[in-house]
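Following: one structure in structure tokens, then a few remarks.
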Amino acid sequence: MPRNSLSVTDNRTGKSYELPIEHGTIKATDLRQIKAGPDDFGLMTYDPGFMNTAACKSRITFIDGDKGILRYRGYPIEQLAEQSSFLESVYLLWRGELPTKKELNEFTASILSHTTIHEQARWFIEGFRHDAPPMAVFLSTTAALSTFYRDGANIFDERCREIQFHRIVAKVPTIAAFCHRHATGQPLIYPDPELSYTGNFLAMMFAARNAKFKPNPVLERALDILFILHLDHEQNCSTTTMRGIGSSHCDPFTALAGAAAALYGPLHGGANEAVLRMLQQIGSKDKVPEFITRVKAGDFKLMGFGHRVYKHYDPRAKIIKRTADEVFEVTGRNPLLAIALELERIALEDDYFVSRKLYPNVDFYSGLIYQAMGFPVDMFPVLFAIPRTPGWLTQWEEQILDHEQKIVRPRQVYLGYGERDYVPLEQRPDASHRPAVVHSNG
Ligand code: ACO
């Protein structure tokens, strides 16, 4: 009996099968040979939400959720947050190795020289309603960029992919800041190539017109660290969307817009916004126990808690907590911090959260920092999307160069009607006699 295999006996037929095991997985298509009879399609796996399905082999980001480990290209997130810069980490993620000094200088210069966007892309942003949520404008504008850079469709041309990578990474902070200035009715501030990636973003967000903006170095570094922490997180909902759209071989701008849309929901990158609104709704520390009781009763979720992969403290949340202290020394303490700390204290002692291994995730504290730095709450998902953009693009490139990949096309378990004859309109029974429509399995 080969050691690296799984023996399966189908009790319907009494037949046995040997399924090879590689990298701790069996191939789902190997199950297809297991049939109850000649007309049987073959066995499939049923896995809503991809709870236990590896859809790709990757060499980019490693997570051990039980041990609370996160590494980019093998480097621990703690070391990168401490010693690297955002653009250096972007280079590492994308190219696979830390850059030399020369490579980093050239990469940084290239990114900072591509930060302006086409004037017509600016008009596109200005065409949205004055109070349009910045994240909705952001993701629409990234899709619109595909109409400006038609060469983006040449996805199998290496140089072309490189150009799009530089363009997109350079332009997302500008688009993001323009979305904010538009939503708040302020004149747009154009990129300043003399500032760093994050310093320039802060300037485009907060500078007064005609005044030279000098970013506070503590806040600039804090934002850089937050961006490093958000750079990539392997096969989450938005990255899976990026790969899924990319699997049809469309251009990266369009795939990116889809990934940003997936990020927008409150269960994913919209959670940082949801956390802030939750803390505001709780209002004061003494209301926390009552709030926890309602969470446990299933009235709502404790936003910023829980993770599909981490069943231990999210390592990014630990770093963010430290960064928060540094930021609050400059900005003053966010008054909502006391509520957040109390929520965490009670939740980490409560059996409901302990038994389900629910710990604070990256979003629990990031919003408090962003708010203290002056970012409005509806910009929080955008602040997630900017640093995740190079992560999405790196994952997208790995996907399209992987010869084992195919267009994404899951199977389904069909539970609807069998064949039935069309009923002409005048012969249909009254709606009150119609059987109830079954929408879900819940
Ligand atoms: N508050 C209360 N209960 C929770 C929470 C929470 N935040 N998260 C999970 N649970 C409970 C579930 O109700 C479930 O309980 P049950 O077993 O009694 O039914 C159990 O814990 C397991 O939860 P699932 O929903 O099965 O976990 P899943 O892996 O599907 O969901 C998710 C992970 C979406 C992150 C979830 O924990 C959640 O909704 N958290 C709040 C939103 C959030 O912070 N999202 C950001 C995630 S990080 C990121 O995307 C960047």
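The values are calculated or read from the model by the stated rules, or taken from the named source; none is laboratory data. Here the structure is a predicted model, which means the values were calculated and not measured. Counting neighbours? That spans all protein chains shown, and the Cβs are built from the backbone with ideal geometry, glycine included. Ligands, DNA and RNA are excluded from the accessible area calculation, which covers all protein heavy atoms including side chains. Shrake-Rupley method; radii C 1.70, N 1.55, O 1.52, S 1.80 Å.
Using a cutoff of 8 angstrom between alpha carbon atoms and counting only pairs six or more residues apart, the relative contact order for the chain works out to 18 percent. When the Cα positions of SER432, GLY246, PRO173 are compared along the charge dipole of the chain, SER432 comes out farthest toward the positive end, with charges on each C-beta of Lys, Arg, Asp and Glu. Potential lengthening of the chain between ASP350 and PHE62 amounts to 100.7 nm, from the contour at 0.36 nm per residue minus the alpha-carbon distance. In the full protein context, region 45-149 carries 55 Å² of accessible surface per residue, based on a 1.4 Å probe and ignoring ligands, DNA and RNA.
Beyond 19 Å in Cα-Cα separation lie the following of the pairs LYS102/LYS212; LYS67/LYS318; LYS67/LYS311; LYS15/LYS35; LYS296/LYS357: LYS102/LYS212. Convex hull volume of the C-alpha atoms in region 1-160, normalised per residue: 263 Å³. Computed 3J(HN,Hα) for region 399-404, one whole-Hz value per residue from the Karplus formula 6.51 cos²θ - 1.76 cosθ + 1.60 where θ = phi - 60°, is 5, 6, 8, 8, 5, 7, glycine and proline marked x. Cα centroids of region 211-231 and region 322-348: 19 Å apart. Select from TYR352, TYR91, TYR72 the residue whose mean-square fluctuation is largest in a Gaussian network model of the chain (Cα-Cα springs shorter than 10 Å). Evaluated over the chain, the most mobile residue of the options is TYR352.
Mind pulling up the Rg/Rh value for region 241-344? Radius of gyration and Kirkwood radius, both on Cα. When Rh is taken as the Kirkwood radius, the ratio is 1.07. With a simple spin-label model that places each label point 7 Å from the Cα along the Cα-to-Cβ direction, the separation between GLU162 and ILE69 comes to 3.3 nm. Using just its DSSP H runs of length 4 or more, each adding -39500 (n - 2.57), the chain gives a mean residue ellipticity at 222 nm of -15000 deg cm²/dmol after division by all residues.
Taken per residue, the accessible surface of region 301-442 reaches 57 Å², heavy atoms only and a 1.4 Å probe. Close amide H pairs (under 5 Å, H built 1.01 Å from N) link PHE305 with ASN361, residues at least 5 positions away or on another chain. Residue by residue, region 107-112 carries 3J(HN,Hα) couplings of 4, 4, 4, 5, 4, 5 Hz when phi is fed to the Karplus relation 6.51 cos²θ - 1.76 cosθ + 1.60 (θ = phi - 60°); x denotes Gly or Pro. Cα convex hull, the chain: 222 Å³ per residue, rounded to a whole number. Computed about its Cα centre, the charge dipole of the chain is approximately 160 debye, with only Lys, Arg, Asp and Glu carrying charge at their Cβ. ASN11 label point, 7 Å along Cα→Cβ, cut-off 11 Å on backbone N: hits in region 28-56? Flagged as within label range: none.
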